[in-house]
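Everything below concerns the one structure shown next.
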Amino acid sequence: MNGLESIASGPMWAAFVGFVLVMLALDLFVFGGNKAHKVSVKEAGIWSLVWVSLALLFNGGLWWYLKGTVGSEIADQKALEFFSGYLIEKALSVDNVFVFLLIFTAFQVPQQYQRRVLIYGVLGAIVMRAVMISAGAWVVSEFSWVLYLFGAFLLYTGMRMLVAVDQEPDVANNPVLRFARKHLKVADGDHGEKFFVTKGGVRYVTPLFLVLILIEVTDLVFAVDSIPAIFAITTDPFIVFTSNMFAILGLRALYFLLVDVADRFHLLKYGLAMVLTFIGTKMLIMPWYHVPIQASLTIVAVLIAGSCIASLFITQKSSDK
């Protein structure tokens, strides 16, 4: 198996990277992403719909292009791989949303400043994911047995999540935060949306910058789970990268869409834990049985949808009492 084999040509990579850069530029400089304002549920819903629609349009375009160049069979396979990978990444990113909410709450960050933090958080996440995906694809291409390590890790992570699903991370005592406070000059107090301030000729970081550090570290931790998960679906670097990027680009809108209703989906973490457990098991049994992508997609969709529906049903039953 050669993990670096891909259906994408150089121009396809260049076009997609260009698309990502253009969308980020539009968000920052045209649609007011760099201006402090409170994001409404309507605005978040519209942007979420835009990002999901763009992902589906991309998948349709990829299928159409591949059908005309390499045939229907490969086109169908790659389109299904992208959709499955995107669904998994999108679902796992919901867990990011819960942790982001805890971080912003712990630091009492007003909602009008959260958008700017998440903008830069997305930029950092894109760079980190690109590096990690490149490294992962190279490792898989050189040492195919590492996929079984990925599987064991995901199985362990999923089981650990099931056991500790109700435990919330201790943001205040985070070792990264303690390290940053020890080695950086922090200007306490409210400094608006600034990450840096200067006092008496000395440059200080603001508490909002510490929040940004925690957001980046959080995404790094989640990437350690999500990237091996998508390698269970495909080892094509282009499919891994594009599905990851679409999930990340829609992460900020997803956060503001779910921020007021996150507590209603309290069972979703069980669903995500079971998804990781299933994917880990799928990777470990590959030598004896290959789970078809269609079956994987169905199982993942049922686990996620089932946990969401169960969450809403139980919440409704509780409110009726």
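Couple of notes before you dig in:
- Among the residues making up segment 63-90, those that are of a type outside the set (Phe, Trp, Tyr), out of contact with any Gly (no Cβ under 8 Å at 6 or more places or on another chain) and in contact (Cβ under 8 Å) with a residue 24 or more places away in the chain are LEU66, VAL70, ILE74, GLN77, LYS78, LEU80, GLU81, SER84, GLY85, LEU87, ILE88, GLU89.
- Hey, VAL211 under 30 Å from ARG181 (Cβ atoms), open to solvent by less than 10 Å² (accessible area, probe 1.4 Å) and at pLDDT 85 or above or not: yes
- When segment 135-152 is limited to residues that are surrounded by fewer than 16 Cβ atoms within 10 Å (Cβ to Cβ) and touching a helix residue (DSSP H, G or I) at 6+ places or on another chain (Cβ under 7 Å), the one that is farthest from ASP236 (Cα to Cα) turns out to be ALA152.
- In segment 254-278, the residues that are part of a helix (DSSP H, G or I), over 12 Å from the mean Cα position of the chain (by Cα) and over 22 Å from VAL291 (Cβ atoms): PHE256, LEU257, LEU258, ALA262, ASP263, ARG264, PHE265, LEU268, LYS269
- Restricting segment 35-67 to residues that are modelled with pLDDT under 85 and assigned to a helix (DSSP H, G or I), the residue that is nearest to the chain's Cα centre (by Cα): ALA44
- Of the residues making up segment 104-126, one or more are among the polar types (S, T, N, Q), in a helix (DSSP H, G or I), touching a His at 6+ places or on another chain (Cβ under 6 Å) and open to solvent by 50 Å² or more (accessible area, probe 1.4 Å).
- VAL197 passes every criterion in (1) surrounded by 17 or more Cβ atoms within 10 Å (Cβ to Cβ); (2) touching a His at 6+ places or on another chain (Cβ under 7 Å); (3) among the hydrophobic types (A, V, I, L, M, F, W, C) apart from (1).
- Note on segment 228-268: among residues that are in contact with a Lys or Arg (Cβ under 8 Å, 6 or more places away or on another chain) and among the small types (Gly, Ala, Ser), the one that is nearest to ALA130 (Cα to Cα) is ALA247.
- Scanning segment 214-247 for residues that are open to solvent by 10 Å² or more (accessible area, probe 1.4 Å), among the charged types (D, E, K, R) and in contact with a Ser or Thr (Cβ under 9 Å, 6 or more places away or on another chain) gives a single hit, ASP225.
- Scanning segment 197-251 for residues that are assigned to a helix (DSSP H, G or I) and of a type in the set (Asp, Glu) gives GLU216, ASP219, ASP225.
The values are calculated or read from the model by the stated rules, or taken from the named source; none is laboratory data. Note that the coordinates shown come from a computational prediction; the quantities given were computed from them, not determined experimentally. Please note: Cβ atoms are built from the backbone with ideal geometry, for glycine as well, and neighbour counts cover all protein chains shown. In case anyone asks, the SASA skips ligands and DNA or RNA and just uses the protein heavy atoms, side chains included. Shrake-Rupley method; radii C 1.70, N 1.55, O 1.52, S 1.80 Å.
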